[in-house]
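Please read the structure below before turning to the comments.
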Amino acid sequence: MKIRTGFVSNSSSSSFTCAITDETVIVRDGEWCDGYQSGIAKCVNDHTFLTKFIDLNAKPASASEKIGDLLALISDEYGEIKTGLTQEEEEKCQNGLSENEADKLYDKANISALFDYYKKVDKNCDFARIEVPAFRCPICKFKKVEYNDVIKFLLVDKLGENATFEQAEKYILGELPPP
């Protein structure tokens with residue numbers, strides 16, 4: 001009998017790239033490679049990032065954000081998360097809620113269990129099976145950066161305090177090498 005050692009070409013592996021740090025996390029045969037200290041999550045808009053970046057401090061500002069948390073809470077198909085909701089209430093979440101219903105169910109639901117799940121995934125360096133709502137995703141929360149703000153940043157941080165706007169533009173266009 002032949003015993004294989006080292007890398008086996010037919011092993012199952014996946015890789016995920018964090019859209020924030022640009023790190024690639026490789027999972028081979030269910031084991032995390034290279035000693036990563038965080039899990040991987042995806043948001044409802046398909047952004048992939050390390051679970052340590054999930055914004056657990058964000059407060060839902062609207063009924064739709066509350067519904068996002070509720071849908072994440074009830075989407076656990078393995079039954080690990082105790083939602084605090086009845087089966088009927090979970091079905092209501094999936095079929096659409098009014099603003100008033102969303103407020104009531106959000107107050108009743110065990111949202112902290114969702115946070116505990118994300119923390120556990122991060123601690124265990126696992127892959128979150130539950131999509132993160134957009135308002136908790138660090139990428140969805142990015143704001144548009146204005147051109148003048150980029151120039152100001154480059155002037156001070158990259159080119160020094162005495163640089164001109166013309167130098168900053170040339171630096172952006174690649175016509176001026178970094179100092």
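The values are calculated or read from the model by the stated rules, or taken from the named source; none is laboratory data. Just so it is clear, the model here is predicted, and its values are computed rather than measured. We place every Cβ from the backbone using ideal geometry, glycine too, and count neighbours over all the protein chains shown.
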Q: Name every residue in segment 40-72 that is of a type in the set (S, T, N, Q) and either under 13 Å from the mean Cα position of the chain (by Cα) or within 20 Å of LYS123 (Cα to Cα) (or both), in order of residue number.
A: ASN45, THR48, THR51, ASN57
Q | Matching residues, segment 87-105, being hydrophobic (A, V, I, L, M, F, W, C) and in a helix (DSSP H, G or I) | A | CYS93, ALA102, LEU105
Q | One residue from PHE135, PHE127, PHE142 being modelled with pLDDT of 90 or more and under 23 Å from ASP22 (Cα atoms) | A | PHE135
**Q.** Evaluation of THR48 against (1) in contact with a Pro (Cβ under 9 Å, 6 or more places away or on another chain); (2) of a type in the set (Ser, Thr, Tyr); (3) within 26 Å of SER14 (Cβ to Cβ) (one fails), failing number
**A.** (1)
Q: May I ask you to say which residue of PHE16, PHE7 is part of a loop (DSSP other than H, G, I, E, B) and at pLDDT below 80?
A: PHE7
Q: Just one of (1) in a loop (DSSP other than H, G, I, E, B); (2) in contact with a Pro (Cβ under 6 Å, 6 or more places away or on another chain) trips up LYS66, so point out which.
A: (1)
Q | Residue within segment 72-93 that is modelled with pLDDT of 85 or more, of a type in the set (A, V, I, L, M), touching a Cys at 6+ places or on another chain (Cβ under 9 Å) and closer than 18 Å to LYS42 by Cβ present | A | yes
